[in-house]
1. Does residue 168 satisfy the criteria of being at pLDDT 75 or above, over 22 Å from residue 83 (Cα atoms) and surrounded by fewer than 14 Cβ atoms within 10 Å (Cβ to Cβ)?
2. Scanning the range 92-121 for residues that are assigned to a helix (DSSP H, G or I) and modelled with pLDDT under 75, which turns out farthest from the chain's Cα centre (by Cα)?
3. Quickly run through the range 151-165 and pick out the residues that are modelled with pLDDT of 85 or more and farther than 13 Å from residue 45 by Cα.
4. For the range 122-170, give me the residue count where each residue is without any contact (Cβ under 8 Å) to a residue 24 or more places away in the chain and within 13 Å of the chain's Cα centre (by Cα).
5. Being exposed (fewer than 14 other Cβ atoms within 10 Å of the Cβ), modelled with pLDDT of 75 or more and either in contact with a strand residue (DSSP E or B) (Cβ under 6 Å, 6 or more places away or on another chain) or part of a helix (DSSP H, G or I) (or both) narrows it down to one residue among 82, 71; which is it?
6. For residue 59, all conditions in the list (1) at pLDDT 75 or above; (2) crowded, with 21+ Cβ neighbours inside 10 Å; (3) closer than 19 Å to residue 120 by Cα hold save one; what is the number of the exception?
7. Filter the range 1-20 down to the residues that are surrounded by 19 or more Cβ atoms within 10 Å (Cβ to Cβ) and within 20 Å of residue 130 (Cα to Cα) and list them by number.
């Protein structure tokens, strides 16, 4: 079991990351604007399952590697940071296109497609993958033989915070659907803001120093 201090500290860091409008939030919000609240909430649930998969993969192997390998940690941190910066730039540049998609009338979507697409976005989300692999292991108490169980618990904590935060974004977006539809530029600003924050996150991660290895 992680210590209470570690769980609280990790939860605060996770909350800051989760509240940033990244790929998962933007996708879920887009679903709320295009297909309604229920589809978006299903998307959030599937997305969280994908993020949990990332956490379990880290807990069962990758996280242990980074706990003990400075070279591996540094390599993944640099590559991940560069990719986040690239993702943020791409998101910012595509902000108008993404905003235009919301104003397009979409045909009904099946539940299976909603779940499949939501899970795919979650399990392939680079922002959370990098966080799980690089930041999560730093909150594990050492020395201990329970690395895996601690990481699994913290991964579940991350997902609980994530599903609450993402659902809140979705409910707000569903209520604000008419407001966004009146001026597509508003959504363009939201997507652009998310891109800028992801770029900043990439630079922050690049300067991240582990507490111990």
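The values are calculated or read from the model by the stated rules, or taken from the named source; none is laboratory data. Nothing here was measured: the structure is a model prediction, and the numbers come from that model. Cβ: placed from backbone, ideal geometry, glycine included. Neighbour counts: every protein chain shown.
1. On the way: at pLDDT 75 or above: yes; over 22 Å from residue 83 (Cα atoms): yes; surrounded by fewer than 14 Cβ atoms within 10 Å (Cβ to Cβ): yes.
Judged against the criteria, residue 168 is a match.
2. Just the residues of the range 92-121 that are assigned to a helix (DSSP H, G or I), to begin with: 92-93, 95-102, 111-121.
Now narrow it down to the ones that are modelled with pLDDT under 75: 97-102.
Values: 97: 21, 98: 18, 99: 20, 100: 23, 101: 22, 102: 21 Å.
Looking at the filtered set, the residue picked out is 100.
3. Pass one, the range 151-165, residues modelled with pLDDT of 85 or more: 152-165.
Passing the criteria: 152, 153, 154, 155, 156, 157, 158.
4. Here is the first cut: in the range 122-170, the residues without any contact (Cβ under 8 Å) to a residue 24 or more places away in the chain are 143-145, 160, 164, 168.
Okay, now just the ones that are also within 13 Å of the chain's Cα centre (by Cα), so 160, 164.
Total satisfying the criteria: 2.
5. Numbers: 71 fails: modelled with pLDDT of 75 or more.
So the residue among 82, 71 that is exposed (fewer than 14 other Cβ atoms within 10 Å of the Cβ), modelled with pLDDT of 75 or more and either in contact with a strand residue (DSSP E or B) (Cβ under 6 Å, 6 or more places away or on another chain) or part of a helix (DSSP H, G or I) (or both) is 82.
6. (3)
7. Filtering the range 1-20 down to residues surrounded by 19 or more Cβ atoms within 10 Å (Cβ to Cβ) leaves 2, 10, 14, 17-18.
Scanning the range 1-20 gives 10, 14, 17, 18.
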